[in-house]
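Please treat every number below as a calculation from the coordinates, not as lab data. None of the values given here were measured: they were computed from a predicted structure.
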Amino acid sequence: MKTKKDARRPQLHLVTLINKLIKRQLYVIFMIPTQKWSNGTEALLAATLQEHLLYLRKLERRKALLMAGPFAGDTGHWKGGGMMILRASSLAAARAMARAEPFQKRGLRKNEVRGWQFNAGALARAV
């Protein structure tokens, strides 16, 4: 026969697991190419890519950038979109970083920012 104490054990185990989560607030920027991207010249895209890569280095030096990279299309080729995961003091600060990204500034991308709680994973020490 189960007692009330036995019935509480799974609930206590769940609370213990939840309490062990990292619970680190991060921000994800989804970088979505606009129509202007499709119409952009190779020279414009190359120049902006160089500025973008320098901007990423700046964010890395400030310890704000955790990860960044492009999304590959079905064929494995880059179609202009990508994602960044940032440390920021607030959603407003993350939005400011997204607005300063060179492709966004030139209207070649629309950057959408979402808060994301990092709870678990092999990168736990990095964040």
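Full extension of the chain between Lys36 and Lys110 yields a length gain of 25.6 nm, computed as 0.36 nm times the residue separation minus the alpha carbon distance. The phi torsions of the range 25-40, fed into the Karplus equation with coefficients 6.51, -1.76 and 1.60 and a -60° offset, translate into couplings of 6, 10, 9, 10, 10, 8, 9, 10, x, 9, 4, 4, 4, 4, 8, x Hz, rounded to whole numbers, with Gly and Pro shown as x. Pairs of Lys residues in the range 22-118 are counted when their Cα atoms are under 25 angstrom apart and they lie 8 or more places apart or on different chains; the count is 11.
With the convex hull constructed from alpha-carbon coordinates only, the range 22-118 shows a mean projected area of 6.5 nm² over all directions.
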